[in-house]
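Since the structure comes first, as structure tokens, the remarks are kept for the end.
The values are calculated or read from the model by the stated rules, or taken from the named source; none is laboratory data. The structure presented is a predicted model; accordingly, all values stated were derived computationally and were not measured. Neighbour counts are summed over all protein chains in view; Cβ atoms, including those assigned to glycine, are modelled from backbone coordinates with ideal geometry. SASA here: full protein model, heavy atoms, side chains in, ligands and nucleic acids out. Shrake-Rupley method; radii C 1.70, N 1.55, O 1.52, S 1.80 Å.
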Amino acid sequence: MCFVLYSLGKYPLEQQKLLVEIREVVHGELTTEAVNSLTYLDMFLKEVLRFYTVVPLTGRQTTEETVIGGRRYCAGITLWINLYGLAHDERYFDEPHEFRPLRFAQTQSERLPPYVYIPFSGGPHICIGRKYALLIMKIITVQILRKFEVKLRDPAEKLVLQAQMVLKALQGFNLIFLPRLEADTMAA
């Protein structure tokens, strides 16, 4: 969620697009139907999860002899998968170092090979809480945008990423939450 908030501040035009969508779709109470209708928010969150790959590296142990890309691996070894590198690979994502939520429009995302975009892992190791996590991210994002404008304290500050078990910002996230004017706020 920190990277979502950072992205809202870093890309104010994207924040404005989200606010417009929220105002068009959400009237009064936030319902499941309204959350599921926020298509641009869905694309925005997918792009955040691609751009800032939360789990940058994962390992899988072979249970039998395995051939990947023409290389043979014996059983019982750990293969490391660079998820961050995969999410920024030009073979799969045009301009991978640009933040572009529309890359996840249905026609474009259908072109991705299986297991290229796997922010919650994939196959038998897929995160069982992925749908819940995305739902919570959507709800929190909507509620924040209804009440606040998110800005970076210093837009020129360079975000330095640190890959550990999860991707982190070395200096944290320096954000400002400006209350929206009363006329701009929507019923929460």
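Some points to look at:
- Distance between the C-alpha centres of segment 132-157 and segment 70-130: 25 Å, rounded to the whole angstrom.
- Over segment 36-188, relative contact order from alpha-carbon pairs under 8 Å, at least 6 apart, %: 23
- Computed from backbone phi, the HN-Hα couplings of segment 91-98 come to 5, 10, 10, 5, 6, x, 9, 9 Hz, rounded to whole numbers (Karplus: 6.51 cos²θ - 1.76 cosθ + 1.60, θ = phi - 60°; Gly and Pro given as x).
- Most to least packed among 50-57, 91-98 [average Cβ atoms within 10 Å]: 50-57, 91-98
- Relative protection proxy for 70-81, 2-13, 149-160, from highest mean packing down: 2-13, 149-160, 70-81 (other beta-carbon atoms within 10 angstrom).
- Per-atom-type breakdown for the chain gives carbon and sulfur 56% of the accessible area (1.4 Å probe, protein chains only).
- Here the chain is assigned +1 on the Cβ of each Lys and Arg and -1 on the Cβ of each Asp and Glu. Its dipole about the Cα centre then comes out at about 360 debye.
- For the chain, accessible area per residue (1.4 Å probe, heavy atoms of protein chains only), Å²: 62
- Rounded to the nearest 500, the 222 nm mean residue ellipticity of the chain from helices alone is -10500 deg cm²/dmol, with -39,500 (n - 2.57) taken per DSSP H run of at least 4 residues.
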